[in-house]
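The values are calculated or read from the model by the stated rules, or taken from the named source; none is laboratory data. All of these numbers come straight from a predicted model, not from anything done at the bench. No Cβ is skipped: glycine too gets one built from the backbone with ideal geometry, and neighbour counts run over all protein chains shown. We work out accessible area using only protein heavy atoms, side chains counted, and drop any ligands, DNA or RNA first. Shrake-Rupley method; radii C 1.70, N 1.55, O 1.52, S 1.80 Å.
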Amino acid sequence: MKDIINILPENVANQIAAGEVVQRPASVVKELLENSIDAKATEIKILIRDAGKTLIQVIDNGIGMSKRDVSICFDRHTTSKISQAKDLFNIKSKGFRGEALASISAISHVNLISKQSGVELANEIEIHGSEVKSNKSTVSEVGTKISVKNLFFNIPARRNFLKSNNVELKHIVNEFIRISLAHPEIKLIFYNDNSEMYNLPVSNFKKRIVNLFGVKTSEKLVPVSENTEILNIEGFIFKPKYSKKTRGEQFFFVNNRFIKSPYLNHAINSAFEGLIDSKYNPSYFLNIEVDPSTIDINIHPTKTEIKFEDEHSIYAILRASVKHSLGQYNISPVLDFNRDKSLDVPYNFEKKSNSASVGIDINPSYNPFAVNESQKKYIKIDSFKEKMNSLEFSSESNELKEFSFEDFNSDVATSNPIQLNKKYIVSKTKSGLIIINQERAHQRILYEEFLKSVTLNKVNPQKLLHPLEIDFSKADIEIIKSNKNILNQFGLDFDLKTEKINIKAIPPFINAENLIELFNNLLFNIQNEVPKNSFSESDLICKIMSKTMSIKNGNYLDLKEQQYIVNSLFACKETMISPFNQKTYVKINYSEIENMFK
Ligand code: ADP
Ligand code: MG
């Protein structure tokens, strides 16, 4: 019999291991920052070029490494953080698996210079794809400087799989924010393509949050503090009115390590129950301190998931302490009859005031969109009705008719549709009836309208008397900056400041509330962007705008509005699916109805 099992060479094994540890440039940033923290650095600089695709450099003033340690730190299973199995049950460092540097150096060009205090010279090593190119003495400061270049240079499939710089940078910034929040005692400076994006002085948790998310954050925070036998909780939640529809700032740290926990997230959501609509997500920054022997960090290679010995108690304590804070700061009703009704309404569109926050503070007195309440409900739909009507007289009307649904004849236009359950519009057709989902249909109508306006360059921006100010984090500003041109094409004209934008002109079809939600959705979607080759920016923005501005299910529509939806939908180029690939309507033929009676 022939033996067929090979022992993989170290560099191949490392490449495979790298697949687990290094998904994208942000993973490298996380591992390197964690190493600097474990090396007791009090100041860390990070430099990124080309969203980390060409360079990630981390410079720290930590304890550094000896000549021997520099030579072996890139080997697999080399770590200074544990030495025996029982150490696994008392982990206080970030790393301990001894595989990050081995993995990173297997798939990039790495240069590391490190010096300990009390020695004269530093040591420098250069490694390309696990292969040592040079190893020599050099002159440098105490601490470690590591440069990771050309990530995935030897795995083209992984390199091509990386997303646009926007997206990769956002991931990096997310990692940076998580680590900065977990360690306010460390000074951190972040340069992106030579421009300083963050400069965070040594501070406390609250100041760090404010430094990261902007001065206005301070007034949104409510402290949470609980000391019990099994855990301590310290941190902050956002007042309920600052909750976001998109998952905003949600940070859990366990013993200063950022972790993802849907279970604990649920505990917090349930503490907010009754205070915010279920579609909204509370924001929180919470650090849980537990005995390291009661958790297992080693269940995932990136160590962002952990197992608690007593998850149920942690859930209960967390929920109770968040509830307690909400109550203590008079945000949560203590008794039902005391309930502050205004807290219930921000999510009801009709009653929503402009200051009822959708996540971002705006100055209501600057509201250039003031309309009375009854107008407000219909404003979006009306402006489109006008547009659609005007089209009938334009040369394009014939073209539009070509795309009409063949089953949809004048029969419908004359017979009245009806609305069911504030969600469906039922309309008669030649061969039976159709049931339209109002929200999806309106998304389709708006989407095509927007696409057409930008393609034909027909957007007429409306200048605002007073610029409208919206606050963003620095990271969000970066994303908005790189999409400024395309947003301009949509009629949005604005100036970018460090932590806010000043909107000077808006497209005719937008109002203030939509504007904030539009930006939130835009930022959320860009973060979760589809791979760049199938990505068209204007298409994405049209989709987001149609989603943001469509009439929602659950709204009553009068007859005119129902007719508008039916007629406009069937004037669309594509009628059957929404821009998000969902059915806009279903058809029931007379023959099917006949069958139902058999
Ligand atoms: P781990 O962090 O799991 O121990 P790594 O591969 O990330 O494994 O690093 C291997 C070892 O190299 C660390 O245990 C540490 O001793 C050393 N090291 C890595 N980065 C630094 C740094 N910035 N400063 C000092 N020592 C470092
Ligand atoms: Mg490490």
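The numbered conditions (1) more than 17 Å from Met576 (Cα to Cα); (2) modelled with pLDDT of 85 or more; (3) in contact with a strand residue (DSSP E or B) (Cβ under 9 Å, 6 or more places away or on another chain); (4) open to solvent by 40 Å² or more (accessible area, probe 1.4 Å) are all true for Pro417 except (4). Here Ala85 meets the list (1) surrounded by 15 or more Cβ atoms within 10 Å (Cβ to Cβ); (2) over 25 Å from Lys163 (Cα atoms) almost entirely, failing just condition (1). May I ask you to list the residues in region 121-142 that are more than 11 Å from ligand 1 (Cβ to nearest atom) and aliphatic (A, V, I, L, M)? Within region 121-142, Leu121, Ala122, Ile125, Ile127, Val132, Val139 qualify. I'd like the residue in region 1-49 that is more than 25 Å from the chain's Cα centre (by Cα) and among the hydroxyl-bearing types (Ser, Thr, Tyr) and, out of all such residues, is farthest from ligand 2 (Cβ to nearest atom). Going through the qualifying residues, I end up with Thr42.
Filtering region 77-120 to residues that are more than 10 Å from ligand 1 (Cβ to nearest atom) and assigned to a helix (DSSP H, G or I) leaves Ala85, Lys86, Asp87, Leu88, Phe89, Ala106.
Per the listing Lys484, Lys497, the residue uniquely within 16 Å of Leu169 (Cβ to Cβ), open to solvent by 10 Å² or more (accessible area, probe 1.4 Å) and free of Cβ contacts under 8 Å to residues at least 40 places away in the same chain is Lys484. The combined condition, being loosely packed, with under 14 Cβ neighbours inside 10 Å and assigned by TED's automatic domain parsing to the domain that holds His312, is not fulfilled by Pro240.
Among what's in region 96-144 and is charged (D, E, K, R) and over 16 Å from Met65 (Cα atoms), pick the residue that is modelled with the highest pLDDT. Going through the qualifying residues, I end up with Lys133.
The residues of region 81-124 that are away from ligand 2 (no atom under 15 Å from the Cβ), out of contact with any Asp or Glu (no Cβ under 7 Å at 6 or more places or on another chain) and of a type in the set (Val, Ile, Thr), listed by number, are Ile107, Val119.
Have a look at Ile63, Ile48, Ile59, Ile37 and point out the one that is at pLDDT 95 or above, in a loop (DSSP other than H, G, I, E, B) and under 29 Å from Ser203 (Cα atoms). If you could, list the steps in order and put the result at the bottom.
Working: Ile48 fails: in a loop (DSSP other than H, G, I, E, B); Ile59 fails: in a loop (DSSP other than H, G, I, E, B); Ile37 fails: in a loop (DSSP other than H, G, I, E, B).
Sole residue among the options that is at pLDDT 95 or above, in a loop (DSSP other than H, G, I, E, B) and under 29 Å from Ser203 (Cα atoms): Ile63.
Have a look at Tyr284, Tyr280, Tyr263 and point out the one that is surrounded by fewer than 17 Cβ atoms within 10 Å (Cβ to Cβ), under 24 Å from the mean Cα position of the chain (by Cα) and of a type in the set (Phe, Trp, Tyr). Only one candidate qualifies: Tyr263. Count of region 22-38 residues, restricted to those that are within 12 Å of ligand 1 (Cβ to nearest atom) and touching an Asp or Glu at 6+ places or on another chain (Cβ under 6 Å), is 2. For region 539-581, taking the residues that are within 26 Å of the chain's Cα centre (by Cα) and open to solvent by 80 Å² or more (accessible area, probe 1.4 Å), the one that is farthest from Ser453 (Cα to Cα) is identified as Asn581.
Working only within region 138-156, note down all residues that are part of a strand (DSSP E or B) and more than 16 Å from His128 (Cβ to Cβ).
Thr138, Gly143, Thr144, Lys145
Could you tell me which numbered condition Ile63 fails, if it satisfies all but one of (1) within 15 Å of ligand 2 (Cβ to nearest atom); (2) open to solvent by less than 50 Å² (accessible area, probe 1.4 Å)? Ile63 satisfies all of (1) within 15 Å of ligand 2 (Cβ to nearest atom); (2) open to solvent by less than 50 Å² (accessible area, probe 1.4 Å) except (2). Is it the case, given these coordinates, that Asn502 is surrounded by 14 or more Cβ atoms within 10 Å (Cβ to Cβ), at pLDDT 85 or above and not in a strand (DSSP E or B)? So Asn502 does not fit the description; no.
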